[in-house]
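Remarks on the structure that follows.
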Amino acid sequence: MIEKTFIMVKHDGVQRGLVGNIISRFEKVGLKLIGLKMLHPTEEQANKHYVMTKDWIDKLGNNTRKAFEKKGIKVTETNEQIAKRVHGWLKDYLREGPVVAIAFEGYHAIEIGRKIVGPAEARSAPLGTVRGDYTVDSYAMADKLQRPVRNIIHASGNTDEAENEISVWFNKSELFAYTKHDWELMYKHEKK
């Protein structure tokens with residue numbers, strides 16, 4: 001049940017001074033901070049972070065097609081063409097300025113991290129989530145302006161993503177193992 005997750009405060013979150021508040025949300029639920037650094041992403045890191053797998057291409061293409069069809073717009077691009085366009089936007093957004101890369105560890109860290117962050121479209125993110133509290137960007141705005149949703153934060157979606165993303169942004173020597181003493185208080189089961 002203990003797992004690692006990767007969180008990134010994107011440059012718009014850094015610019016708005018939200019880093020401390022965001023980190024504190026993860027710490028308050030009991031996740032252990034094991035890696036932290038600020039950097040300006042390279043092209044290589046952006047390519048490794050946004051991996052264009054067949055599943056990702058198909059999911060993105062199909063979701064894009066469905067969203068446009070709801071608006072009465074027929075999409076003639078292939079899934080791969082859609083994915084290449086969006087992939088370029090995502091990489092450009094990631095590289096606009098310095099980001100803060102964070103690795104956390106804890107019980108159900110990936111699921112909890114996603115709950116704290118909220119859905120990708122900030123407009124539909126509930127209040128109390130990072131995206132719901134700090135931005136209102138939407139897919140409609142992003143489509144109109146030909147860019148990705150600017151949602152200030154990224155969180156790993158599953159174990160494979162977390163493992164890949166942590167390896168993209170951290171060397172093993174930059175991750176720390178230590179005893180988090182409040183876990184004993186939070187998770188210990190008393191014997192009867």
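When ALA140, ALA122 are screened for being at pLDDT below 95 and surrounded by 15 or more Cβ atoms within 10 Å (Cβ to Cβ), only ALA122 passes.
Look at GLY132 and say whether it is of a type in the set (Gly, Ala, Ser), within 13 Å of the chain's Cα centre (by Cα) and modelled with pLDDT of 95 or more. No: the conditions fail for GLY132. Which one of ILE82, ILE73, ILE22 is in a loop (DSSP other than H, G, I, E, B), under 23 Å from MET141 (Cβ atoms) and of a type in the set (Val, Ile, Thr)? The unique qualifying residue is ILE73. The set of residues in segment 162-187 being surrounded by fewer than 17 Cβ atoms within 10 Å (Cβ to Cβ), assigned by TED's automatic domain parsing to the domain that holds VAL9 and closer than 18 Å to ILE112 by Cβ consists of GLU163 alone. Within segment 57-74, residues that are closer than 21 Å to GLY88 by Cβ and charged (D, E, K, R) have Cβ atoms under 6 Å from residues that are surrounded by 12 or more Cβ atoms within 10 Å (Cβ to Cβ) and at pLDDT 85 or above in these pairs: ASP58/ASN79; ARG65/VAL75, counting only partners at least 6 apart in sequence or on another chain.
HIS154 fulfils the conditions (1) crowded, with 17+ Cβ neighbours inside 10 Å; (2) part of a loop (DSSP other than H, G, I, E, B); (3) not aliphatic (A, V, I, L, M) except for a single criterion, (2). Within segment 38-75, being closer than 30 Å to SER24 by Cβ and exposed (fewer than 13 other Cβ atoms within 10 Å of the Cβ) holds for MET38, LEU39, HIS40, THR42.
When every residue of segment 32-48 is checked against the conditions, none turns out to be closer than 22 Å to VAL149 by Cβ and free of Cβ contacts under 8 Å to residues at least 40 places away in the same chain.
The values are calculated or read from the model by the stated rules, or taken from the named source; none is laboratory data. Because the structure is predicted, anything quoted here is derived from the model rather than measured. Using ideal geometry, Cβ is built from the backbone for each residue, glycine included, and neighbour counts are taken over all protein chains shown.
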